[in-house]
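Scroll down for the structure; my scribbles are underneath it.
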Amino acid sequence: MRTMWLGVGAAVVALIGAGLVAAGPASAQPPCGNFEVWGNGGGRCDSGPGPDGSFTRCDTVYVLGIGGTNCYLVPGPPPPAT
């Protein structure tokens with residue numbers, strides 16, 4: 001029984017350590033409104049507009065700790081009709 005608890009304790013320590021290693025570096029950018037509760041959540045973040053009005057949008061989704069981020073270019077408005 002004691003060996004089982006030692007194994008469980010070692011697994012917990014390994015999981016916590018893996019979470020600390022997997023965490024990305026701190027960023028100086030302002031937060032984008034992403035949220036996560038018990039491994040579920042997500043959000044959307046937009047970059048500043050470019051000279052043509054286009055910008056980069058990133059959507060983040062997590063369900064039970066599994067998910068990721070998808071970034072894509074959003075085109076600017078069409079040029080005015082002449």
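Read the figures in this text as sums done on the coordinates, not as results from a lab. Given the structure is predicted, the values throughout are model-derived calculations rather than measurements. Heads up, the Cβs are rebuilt from the backbone with ideal geometry, glycines too, and the neighbour counts pull from every protein chain shown.
Starting from residues that are surrounded by fewer than 15 Cβ atoms within 10 Å (Cβ to Cβ) and hydroxyl-bearing (Ser, Thr, Tyr), keep the ones in the stretch 36-70 and report whichever is nearest to the chain's Cα centre (by Cα). The selected residue is Thr69. When the stretch 40-61 is limited to residues that are without any contact (Cβ under 8 Å) to a residue 24 or more places away in the chain and in contact with an Asp or Glu (Cβ under 9 Å, 6 or more places away or on another chain), the one that is farthest from Pro77 (Cα to Cα) turns out to be Gly43.
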